[in-house]
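The values are calculated or read from the model by the stated rules, or taken from the named source; none is laboratory data. Predicted model only: the values in this text are computed from it and were never measured. Quick reminder, even Gly has a Cβ in these numbers, built from the backbone with ideal geometry, and neighbours come from all protein chains shown. Keep in mind that these areas ignore ligands, DNA and RNA; they rest on the heavy atoms of the full protein, side chains included. Shrake-Rupley method; radii C 1.70, N 1.55, O 1.52, S 1.80 Å.
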Amino acid sequence: MAIASDLPVATRRSSDLSRHSAEVFAEAEDHPVTVTRRDGEALVLMSQREAEGRARLLRFAAQLITVTLDDRGSLAERMSRVFPWMLALSPADRGSCAQDLVDAARASFSTDQPHLAIAELTSWKETATAVAAGLGNGSAGLEWFDDDETVERP
């Protein structure tokens, strides 16, 4: 896993953007590119996926700040007020979910990798949705696999 200081830092002149646009755009698909200008402030070129990931991470950060400012109840209880879908989980799973989300957020912020927290948030929300739909451990016809078990492609 890359840490923030190891991420590619690309700086291009605005003339590079006009002369070699395909190359600069291809680079921006991989990571943000800073475009320097003589007549103004530098601009950052990035993919929409990257921009949306950063925006989602900031929204998630705002929600976590809301949770930390509330001093009523456990972390899982406070997070359930901000993320009501957590109420579909068992109390033990709510505790695991809350801690996993905090850990993933810390990893995302420290590595500048928004997908870490967003993937964890999405995974837990989808799990809660499945549980709410009746797909819990006692559901007939469901078989849960261990993480280290390889499953053949259908």
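Things to note:
- Subset tally (residues that are of a type in the set (F, W, Y) and either without any contact (Cβ under 8 Å) to a residue 24 or more places away in the chain or not in a helix (DSSP H, G or I) (or both)) for region 96-113: 0
- Selection from region 18-29 of residues that are modelled with pLDDT of 85 or more and open to solvent by 60 Å² or more (accessible area, probe 1.4 Å): R19, A22, E23, F25, E29
- Residue check, E41 without any contact (Cβ under 8 Å) to a residue 12 or more places away in the chain and not polar (S, T, N, Q): yes
- Of T111, T34, all but one fail to be in contact with a Ser or Thr (Cβ under 7 Å, 6 or more places away or on another chain) and either surrounded by fewer than 16 Cβ atoms within 10 Å (Cβ to Cβ) or over 30 Å from L135 (Cα atoms) (or both); the exception is T34.
- Looking only at region 1-17, residues that are at pLDDT below 80 and under 27 Å from L116 (Cβ atoms) come to 9 in all.
- Residue within region 135-144 that is touching a helix residue (DSSP H, G or I) at 6+ places or on another chain (Cβ under 9 Å), modelled with pLDDT of 90 or more and among the small types (G, A, S) present: no
- For region 114-126, a residue qualifies if it is open to solvent by 60 Å² or more (accessible area, probe 1.4 Å) and either within 14 Å of R94 (Cα to Cα) or outside any helix (DSSP H, G or I) (or both), and the qualifying residues are S123, K125, E126.
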